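**Student:** Starting off with a structure, shown below.
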Amino acid sequence: MIRHSANAWGRDFFVGDLHGEYERLMMLLESVTFDVRCDRLFSVGDLIDRGPRSRDCLTLTLEPWFFGVRGNHELLARDALARGGDAMALWQLNGGGWALAEDQQSLRHLLGAALQRLPYAREIAVNDRRIGLVHAEPPSDWSRIDDSDRHELVWGRRRIQCGDDTPVVGIDAVVVGHTILESPTTLGNVHYIDTGAFATGHLTLIEAHELLSGMA
């Protein structure tokens, strides 16, 4: 897990699953006058697949103002490009068809560079509070994240499927994506912000202080 100190110079934003919706993201950032010199953008992962500009979204990981976590689609791509065969077929079934038009060596290099910048979890200080960031399912105790949690962090849906509003202990709030919802939803202190931009046209962007404002 990577920890970030409070942003003393600008604002922090969280964005839902991009899935190739690069232009939509740029429009949202322009609408909030995002300043790349001092603002930070935290992404819940699934940068690629399904939308029109997956490669461009993957290159966002190289920007100094962009901080993501790895999603299941980044791992599908990793396995496909490493092993081919059934892994490649599975990726294609899940939106990876865009890669067929790419130079495979170049794409493999870009994905490798991106994954080095996409940990499984991040923690962001906001004044005297802390926000956790994972792609799918946080652990019940934030302080106990370890390698054994990796599958759930990237693939899990138990909490949202059960409507479990038990707060995650050891953290003020957690932001996740992975599960498409009609609108951002909060269960306990876990905030779900994947609103299916590639299908709905609705990409969720929320400022950190706004996210925390409704919490005691």
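**Student:** Take VAL154 and tell me if it is in contact with a His (Cβ under 6 Å, 6 or more places away or on another chain), in contact (Cβ under 8 Å) with a residue 12 or more places away in the chain and closer than 18 Å to LEU47 by Cβ.
**Tutor:** When the stated conditions are applied, VAL154 passes them.
**Student:** Out of ARG37, ARG55, ARG78, I need the residue that is within 21 Å of ARG11 (Cβ to Cβ) and open to solvent by 50 Å² or more (accessible area, probe 1.4 Å). Which one?
**Tutor:** None of the other options fit; the residue is ARG37.
**Student:** State all residues of region 81-95 that are over 19 Å from GLY201 (Cα atoms) and open to solvent by 10 Å² or more (accessible area, probe 1.4 Å); if no residue qualifies, say none.
**Tutor:** LEU81, ALA82, ARG83, GLY84, GLY85, ASP86, ALA87, MET88, ALA89, LEU90, GLN92, LEU93
**Student:** Can you name every residue in region 177-196 that is assigned to a strand (DSSP E or B), hydrophobic (A, V, I, L, M, F, W, C) and touching a strand residue (DSSP E or B) at 6+ places or on another chain (Cβ under 8 Å)?
**Tutor:** Correct list: VAL190 only.
**Student:** Could you tell me whether any residue of region 63-82 is under 17 Å from PHE198 (Cβ atoms), in contact with a strand residue (DSSP E or B) (Cβ under 6 Å, 6 or more places away or on another chain) and in contact (Cβ under 8 Å) with a residue 24 or more places away in the chain?
**Tutor:** Scanning region 63-82 turns up at least one residue that is under 17 Å from PHE198 (Cβ atoms), in contact with a strand residue (DSSP E or B) (Cβ under 6 Å, 6 or more places away or on another chain) and in contact (Cβ under 8 Å) with a residue 24 or more places away in the chain.
**Student:** Here's a follow-up. Restricting attention to region 132-164, and to residues there that are closer than 24 Å to GLY196 by Cα and among the charged types (D, E, K, R), which single residue is modelled with the lowest pLDDT?
**Tutor:** Top of the filtered list is ARG150.
**Student:** Does ALA125 fit the bill of being under 18 Å from the mean Cα position of the chain (by Cα), surrounded by 19 or more Cβ atoms within 10 Å (Cβ to Cβ) and under 27 Å from TRP65 (Cα atoms)? Break it down into steps so the answer makes sense when it comes.
**Tutor:** Working: under 18 Å from the mean Cα position of the chain (by Cα): yes; surrounded by 19 or more Cβ atoms within 10 Å (Cβ to Cβ): no; under 27 Å from TRP65 (Cα atoms): yes.
The answer is no for ALA125.
**Student:** Can you tell me which condition LEU18 does not meet? The list is (1) buried (at least 16 other Cβ atoms within 10 Å of the Cβ); (2) under 18 Å from VAL154 (Cα atoms); (3) over 15 Å from the mean Cα position of the chain (by Cα), and all the others hold.
**Tutor:** Only one criterion is unmet by LEU18, namely (3).
**Student:** Quick one: which residue in ILE193, ILE171 is aliphatic (A, V, I, L, M) and within 14 Å of the chain's Cα centre (by Cα)? Please lay out each step first, then the result.
**Tutor:** Details: ILE171 fails: within 14 Å of the chain's Cα centre (by Cα).
Unique residue meeting the criteria: ILE193.
**Student:** Can you go through ASP79, ASP39, ASP17 and tell me which one is among the charged types (D, E, K, R) and within 18 Å of ALA113 (Cα to Cα)?
**Tutor:** Details: ASP39 fails: within 18 Å of ALA113 (Cα to Cα); ASP17 fails: within 18 Å of ALA113 (Cα to Cα).
Within the list ASP79, ASP39, ASP17, the selection yields ASP79.
**Student:** Residue check: is ILE2 among the aliphatic types (A, V, I, L, M) and buried (at least 24 other Cβ atoms within 10 Å of the Cβ)?
**Tutor:** Criteria not met by ILE2.
**Student:** Among the residues of region 135-168, what is the count of those that are open to solvent by 80 Å² or more (accessible area, probe 1.4 Å) and more than 22 Å from GLU74 (Cα to Cα)?
**Tutor:** Residues meeting the conditions: 6.
**Student:** Moving on. Can you confirm whether region 99-119 contains a residue that is more than 17 Å from the chain's Cα centre (by Cα) and not in a helix (DSSP H, G or I)?
**Tutor:** yes
**Student:** Could you check how many residues of region 96-114 are open to solvent by less than 20 Å² (accessible area, probe 1.4 Å) and either closer than 22 Å to LEU41 by Cβ or among the β-branched types (Val, Ile, Thr) (or both)?
**Tutor:** Of the residues in region 96-114, 3 are open to solvent by less than 20 Å² (accessible area, probe 1.4 Å) and either closer than 22 Å to LEU41 by Cβ or among the β-branched types (Val, Ile, Thr) (or both).
**Student:** In addition: Of these, SER43, SER31, which one is free of Cβ contacts under 8 Å to residues at least 60 places away in the same chain and open to solvent by less than 30 Å² (accessible area, probe 1.4 Å)?
**Tutor:** Details: SER31 fails: open to solvent by less than 30 Å² (accessible area, probe 1.4 Å).
None of the other options fit; the residue is SER43.
The values are calculated or read from the model by the stated rules, or taken from the named source; none is laboratory data. Because the structure is predicted, anything quoted here is derived from the model rather than measured. Don't worry about glycine lacking a Cβ; one is built from the backbone with ideal geometry, like all the others, and counts go over all protein chains shown. Protein only, heavy atoms only, side chains kept; ligands, DNA and RNA dropped before computing areas. Shrake-Rupley method; radii C 1.70, N 1.55, O 1.52, S 1.80 Å.
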